[in-house]
1. Just to be sure before I move on: is residue 224 surrounded by fewer than 20 Cβ atoms within 10 Å (Cβ to Cβ), touching a residue at least 60 places away in the same chain (Cβ under 8 Å) and assigned by TED's automatic domain parsing to the domain that holds residue 277 in the structure I sent?
2. Of the residues that make up segment 299-316, is at least one within 16 Å of ligand 1 (Cβ to nearest atom) and closer than 29 Å to residue 80 by Cα?
3. Counting only residues that are surrounded by 21 or more Cβ atoms within 10 Å (Cβ to Cβ), in contact (Cβ under 8 Å) with a residue 24 or more places away in the chain and touching a helix residue (DSSP H, G or I) at 6+ places or on another chain (Cβ under 9 Å), give me the strands (runs of 3 or more DSSP E) lying completely in segment 20-63 with at least 1 of them.
4. Among the listed residues 272, 312, 307, 299, identify the single one that is more than 16 Å from ligand 2 (Cβ to nearest atom) and buried (at least 19 other Cβ atoms within 10 Å of the Cβ).
5. List the strands (runs of 3 or more DSSP E) inside segment 223-341, counting only whole elements, that have at least 2 residues being under 22 Å from residue 211 (Cα atoms).
6. Can you tell me which of (1) surrounded by fewer than 19 Cβ atoms within 10 Å (Cβ to Cβ); (2) away from ligand 2 (no atom under 13 Å from the Cβ) is the one residue 164 doesn't meet?
Ligand code: PLP
Ligand code: COI
């Protein structure tokens with residue numbers, strides 16, 4: 001398979017149209033068998049539920065070329081399960097797990113020419129999503145839906161790759177108590193757009209959102225969970241009912257315990273204790289682990305001891321081990337790697 005002529009090493013995290021995407025439609029209570037199509041545009045009613053009432057959810061996962069030339073994805077079963085939770089919370093039909101995984105496989109295989117080569121630093125980002133498609137004007141769910149998966153080759157989510165980030169504590173909330181913060185609803189990201197634009201205008205890379213009820217506890221950023229390391233090398237991740245259950249974070253906790261012999265705990269993390277941590281990172285499919293060097297809380301600077309030039313030592317070990325598993329350099333736990341080719 002001849003690869004596309006793409007400058008793999010200089011890709012940012014942006015959309016590039018690829019050859020094929022998977023589409024399946026839900027009508028009269030059932031999903032059709034779906035197909036790979038070439039047209040990357042979507043046509044629908046001006047009154048589609050997704051356009052009026054944001055009835056949409058999505059997922060994000062990556063395909064990798066391994067050191068020995070295979071193409072694999074990482075834990076797509078967990079993306080399927082999370083999308084099931086999102087669909088149920090948003091009154092959408094579930095796209096069955098086996099079919100979700102099969103659609104991902106089909107899209108990667110059909111766009112093999114866009115899968116970045118091993119060692120290029122780039123990956124193929126997959127975006128499964130679903131939306132309410134038919135017209136509704138009263139506030140109620142659609143009854144016709146479309147499930148799609150497209151893919152696009154990407155580089156690092158944050159410019160500068162693994163250069164430590166500066167983030168601010170946001171005055172905006174991302175999720176409401178008992179709301180939709182724990183699912184991957186498009187509306188959560190609409191909520192965060194003003195906050196991210198104003199963070200960038202003020203020179204910050206991202207926002208740290210606090211818990212919406214008491215505004216004393218660390219939640220997550222707009223697109224990644226937090227991971228902290230204590231001065232005695234314990235991994236700590238925030239526990240909250242209103243953050244997205246990150247597959248990367250859950251995998252890193254396993255890696256910390258089972259591969260690196262570290263203690264790891266998921267617990268409530270107060271903003272007031274962040275100054276005592278040794279390292280901080282943002283973890284997610286897009287972010288992988290992006291180190292945080294400085295957190296600014298209304299003018300008060302919290303500088304992580306790991307500094308502003310490189311990843312902290314524990315973060316680096318977690319990063320190397322996780323990416324080693326994803327790229328086939330390190331043996332993966334049973335069931336983590338889905339081989340496509
Ligand atoms: N938190 C938010 C709000 C996200 O959008 C993402 C991205 O998917 C994550 C966390 C990380 O989740 P995952 O590791 O499953 O990609
Ligand atoms: C991901 O990491 O897959 C995300 O969805 C984060 C962001 C691009 C929305």
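The values are calculated or read from the model by the stated rules, or taken from the named source; none is laboratory data. Owing to the predicted nature of the structure, the values given are computational and were not obtained by experimental measurement. With ideal geometry, Cβ positions are generated from the backbone for all residues, glycine too; neighbour counts draw on all protein chains shown.
1. When the stated conditions are applied, residue 224 does not pass them.
2. The initial filter retains those residues of segment 299-316 that are within 16 Å of ligand 1 (Cβ to nearest atom), namely 315.
Filter once more, keeping what is closer than 29 Å to residue 80 by Cα: 315.
The answer is yes; a qualifying residue exists.
3. Values: elements: 21-27, 35-37, 56-58.
Of the strands (runs of 3 or more DSSP E) lying wholly inside segment 20-63, those with at least 1 residues that are surrounded by 21 or more Cβ atoms within 10 Å (Cβ to Cβ), in contact (Cβ under 8 Å) with a residue 24 or more places away in the chain and touching a helix residue (DSSP H, G or I) at 6+ places or on another chain (Cβ under 9 Å) span 21-27, 56-58.
4. Sole residue among the options that is more than 16 Å from ligand 2 (Cβ to nearest atom) and buried (at least 19 other Cβ atoms within 10 Å of the Cβ): 312.
5. The qualifying strands (runs of 3 or more DSSP E) are 225-229, 235-238, 264-267, 279-284, 288-297, 300-303.
6. Evaluating residue 164 over (1) surrounded by fewer than 19 Cβ atoms within 10 Å (Cβ to Cβ); (2) away from ligand 2 (no atom under 13 Å from the Cβ) leaves (1) as the failure.
Yes/no matrix, rows are residues, columns are (1) exposed (fewer than 15 other Cβ atoms within 10 Å of the Cβ); (2) assigned by TED's automatic domain parsing to the domain that holds residue 89; (3) over 19 Å from residue 285 (Cβ atoms):
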site	(1), (2), (3)
169	no, no, yes
176	yes, no, yes
186	no, no, no
189	no, no, no
192	no, no, no
196	no, no, no
201	yes, no, yes
206	no, no, no
